[in-house]
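What follows is one structure encoded as structure tokens, with my remarks underneath.
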Amino acid sequence: MSIKRLIVIVGPTGSGKTDLSIRLALHYRAPILSTDSRQVYRGMPIGTAQPTDEQLKTVEHHFIASHDIKDRLNCGEYEMQALACLEKLFAQHDDVVAVGGSGLYVRALCEGMDELPQADEALRRELERRLADEGIGALAAQLRELDPRYYEEVDRSNPARVVRALEVCLQTGRPYSAQRTGVRRERPFRIIKIGVDLPREVLYDRINRRVDAMVAEGLEAEARRLYPHRELNALQTVGYREFFDCFDGRVTRDEAVELIKRNTRRYAKRQLTWFRRDPGIRWFAPTDDEEMIRYIDFGNS
């Protein structure tokens with residue numbers, strides 16, 4: 001009986017994960033499952049750097065443009081849906097390639113999420129009202145008081161993460177971090193984690209050039225089309241927020257583009273910090289395919 005393998009590719013935005021995933025998927029004749037928390041939504045192909053139509057035709061993909069932007073796909077729901085998808089894929093394939101830079105989605109897929117309380121709708125509405133009126137800084141400041149440990153590690157530019165943690169603190173009277181057990185759930189398949197690494201100056205140059213390419217491809221028009229839905233969780237991300245501020249007259253167009261570059265570089269740094277904490281990840285240069293394949297096949301048993 002063959003051993004099913006999930007080959008997980010992680011790394012910062014702009015590091016070449018998508019191209020690598022397709023090369024490895026072709027090598028192993030495997031489908032691809034996305035672990036990107038934004039590429040899952042329809043109508044945002046440029047700003048989320050979704051695979052191109054040609055790439056999607058080359059390899060079977062899942063969780064790319066599969067959900068409406070009004071869906072709130074949290075980590076627990078992603079875990080359930082992704083595992084159900086994997087069960088079907090492993091019925092036909094020995095290997096599946098998972099790729100993306102969303103650390104919590106990767107954790108949900110590989111280890112499972114803690115069973116935290118269901119959202120209190122009244123409290124959630126109040127926090128979202130405060131987010132709109134006071135801004136994320138005010139909510140992050142309250143989170144720092146209630147849970148300084150989680151405050152230090154959370155992506156404080158991500159409203160969904162801050163609101164959820166604060167919600168749990170207020171709902172239970174206990175720090176969010178104290179309720180995250182970190183107990184790993186067993187999976188019925190082997191997990192092999194590959195990290196994509198680049199020198200910092202090379203990565204930042206790639207990010208800057210990719211933002212310029214996105215703008216040339218029509219990122220501004222895409223953001224303007226999505227502007228009426230700007231309060232949705234799916235759009236609280238780099239590339240859209242900056243153009244929304246431009247449309248509101250807070251920054252110029254040129255300033256918006258520079259802010260996208262800066263904020264994307266910062267996001268990449270946070271991604272690296274997150275993934276570096278996982279000792280199960282083996283790091284490679286993005287084009288070191290032969291070494292990766294050797295590691296996948298022989299070096300991790």
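The values are calculated or read from the model by the stated rules, or taken from the named source; none is laboratory data. No experiment lies behind these values; they were computed from the predicted model shown. Cβ atoms come from the backbone with ideal geometry, glycine included; neighbour counts cover every protein chain shown. Just the protein is used for accessible areas: all its heavy atoms, side chains included, with ligands, DNA and RNA removed. Shrake-Rupley method; radii C 1.70, N 1.55, O 1.52, S 1.80 Å.
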- [ ] Take region 109-200, drop everything but the C-alpha atoms, weight them equally and run the Debye formula without solvent; then report log10 I(q)/I(0) at 0.25 Å⁻¹ to two decimals.
- [x] -1.25
TODO: Would you mind listing how long region 1-87 runs along its three principal axes, going by Cα atoms, in whole Å with the largest first?
DONE: 41, 27, 24
Task: Cα lying deepest toward the dipole's positive end in region 1-126, options Pro117, Pro31, Gln81, charges on Cβ - done: Pro31
- [ ] Working with all protein chains in place, sort Lys57, Lys193, Lys4 by solvent-accessible area computed with a 1.4 Å probe, largest first.
- [x] Lys57, Lys4, Lys193
TODO: Sort the following peptides by mean Cβ neighbour count (other Cβ atoms within 10 Å, averaged over residues), highest first: 5-12, 123-130.
DONE: 5-12, 123-130
Open item on the list: Given the whole protein assembly as supplied and a 1.4 Å probe, what does the accessible area of Arg225 come to in Å², nearest 10?
Closed with: 130
TODO: Express in Å², to the nearest 10, the accessible area of Cys85 obtained by rolling a 1.4 Å probe over the protein heavy atoms while all chains stay in place.
DONE: 20
TODO: Could I have the simple spin-label model distance between Arg277 and Leu26, label points 7 Å from Cα toward Cβ, reported in nm to one decimal?
DONE: 3.6
TODO: Please give the contour-minus-distance gain from Ala216 to Ala132: 0.36 nm per residue of separation, less the Cα-Cα distance, rounded to one decimal in nm.
DONE: 27.1 nm
TODO: Can you tell me the dipole magnitude for the chain around its Cα centre, using point charges on the Cβ only (Lys, Arg +1; Asp, Glu -1), in Debye to the nearest 20?
DONE: 400
Open item on the list: Applying a 10 Å radius around every beta-carbon, put 156-163, 236-243, 88-95 in order of their mean neighbour count, most first.
Closed with: 236-243, 156-163, 88-95
- [ ] Please calculate the 1.4 Å probe accessible area of Tyr267, with all protein chains present, and give it to the nearest 10 Å².
- [x] 70
Task: Of all accessible heavy-atom area on the chain, the percent that carbon and sulfur account for (1.4 Å) - done: 48
- [ ] Mind telling me which of Ile136, Ile194, Ile22 comes out most flexible in a GNM of the chain, alpha-carbon contacts under 10 Å?
- [x] Ile136
